[in-house]
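Derivation of every value follows stated rules applied to the coordinates shown; laboratory data play no part. As the structure is a prediction and not an experimental result, all values here were calculated from the model. Cβ placement follows ideal geometry from the backbone for every residue including glycine, while neighbour counts extend to all protein chains displayed.
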Amino acid sequence: MKKYKIPWKLILALTAAVLFILNFSGVLQGLSLLWNAALPLILGGCLAFVLNLIMYPMESWFRNKSPKLEKKARPLAITLSLLIFIGIISLLCVLVLPQLVESIQLLIRTIPGYVRDLQEFLSKLFKDHPQIADYINSLNIDWNSMFQKITGFLSSGVQGALNSAVTVVTSITSATVNSIIMLIFAIYILADKERFVRLYHRLCALYLPKEKEARLTHILVTFDSSFRSFVIGQCTDALILGTLCTLGMWLFQLPYAPMIGTLVGVTNIIPMIGAFIGGGIGCFLVFTVSPMKALVFLIFLCVIQQFESNVIYPRIVGNSVGLPGIFVTVVIVIGGALAGVAGMVMGIPVAAAIYKLLSEYIAQKEIRAGLRPDPEQQPEKAGPAS
């Protein structure tokens, strides 16, 4: 037994692989349960990452402003960053939701008039065909009865939902509890983020050599830098698109310009298709005022969205994360096909980090092969003689 070494690690890996294959459905159910349980914590970590972009410069400003604020700098920065984040979401809801409800009510009141105008137009169009014209004129829609049926259907749907009140209350309670856990976890991470960094270095010192620890730290720093740059680039791109949309709507004298411009800019955080989501809501709002203006808005949005997607977005986001513009488009298409909206959003910073790491790896290989000079061994250029 001493003469032959038994590859225990290989045996354990093969055993685990066989058990995984034999119990594939059970493993998937377990992973799904684990994912659902950890989802509030994962979302809390994502929220902490975004809030830290706001909190860090504010905390530094408080610490440099006055020595008296040094101990209170972090609580103040966390509170203000949360207020800013909640304020942005609340402002968007206040801007959009009331106007959306009012537009729906207005559309319900104006639909009969639009239908009558359409009937008159079709009657004149088919005046040479009396049978078709008489049929169009004979169409008489009882709008009151239709709206009563729609209201009754909605009421029955609400009644059916109320019959399963336990399920509804459970879902609302679960969502509320998860939101509170997410918020508390995010605040905890922000308040004591240095502890997690120290824990990481302690674990690396226990289980990894110095060289591997340095390599892993470099990889994590690269991914962190890519995600930071991506968030900043997305916000910059959203601000530019929202401003262009607002100015264009003012130029064409379209209604709700500030509100729709804000909505288009915020939804543009979803790459490529986000602006069309906000534009669809905006087109509906404009349609309640004038169908012709809605058509003008739709054409204008398509033009500005094509310009933004092909010119502004690849340059701003691509340059901010260090990814060439053509790769940004490719990543969005592939990420969207594989994982939908999440693939579009997460694909760009992940691809940017991988691109940077691969570029460094290839550069090191070329230096070792003598295909390019080593910048660390290049002699420094002599300065001008004094």
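Some points to look at:
- Taking R228, R368 and counting other C-beta atoms within 10 Å, the order from fewest to most: R368, R228
- Formal net charge of residues neighbouring K65 (Cβ-Cβ distance under 15 Å; K, R +1; D, E -1): +3
- Kirkwood hydrodynamic radius over Cα pairs of segment 209-370, then Stokes diffusion coefficient at 4 °C and 1.567 mPa s, in µm²/s: 75 µm²/s
- Diffusion constant of segment 1-98 at 10 °C, which comes from Stokes-Einstein with the Kirkwood Cα-pair radius and 1.306 mPa s, µm²/s: 85 µm²/s
- Full extension of the chain between F85 and V311 yields a length gain of 78.5 nm, computed as 0.36 nm times the residue separation minus the alpha carbon distance.
- Coordinate range along principal axes, alpha carbons of segment 184-225, Å, largest first: 35, 24, 11
- Residue order, fewest to most beta carbons within 10 Å, for I187, I269, I42: I42, I269, I187
- Calculated FRET value between K72 and V27, using beta carbons and R₀ = 45 Å, to 0.05: 0.40
- You can think of it this way: the chain between H201 and T236 has 9.2 nm of extra reach, that is 0.36 nm per residue less the Cα-Cα gap.
- Straightening the chain between K210 and L251 buys 8.7 nm, computed as 0.36 nm per residue apart minus the Cα-Cα spacing.
- Between E360 and A17, the distance separating the two model label sites (each 7 Å from Cα on the Cα→Cβ line) works out to 3.1 nm.
- A quarter of the convex hull surface defined by the alpha-carbon atoms of segment 226-266 gives 2.4 nm² as the mean projection.
- With neighbour counts taken as other beta-carbon atoms within 10 Å, the residues F24, F227, F307 rank, fewest first, as F24, F307, F227.
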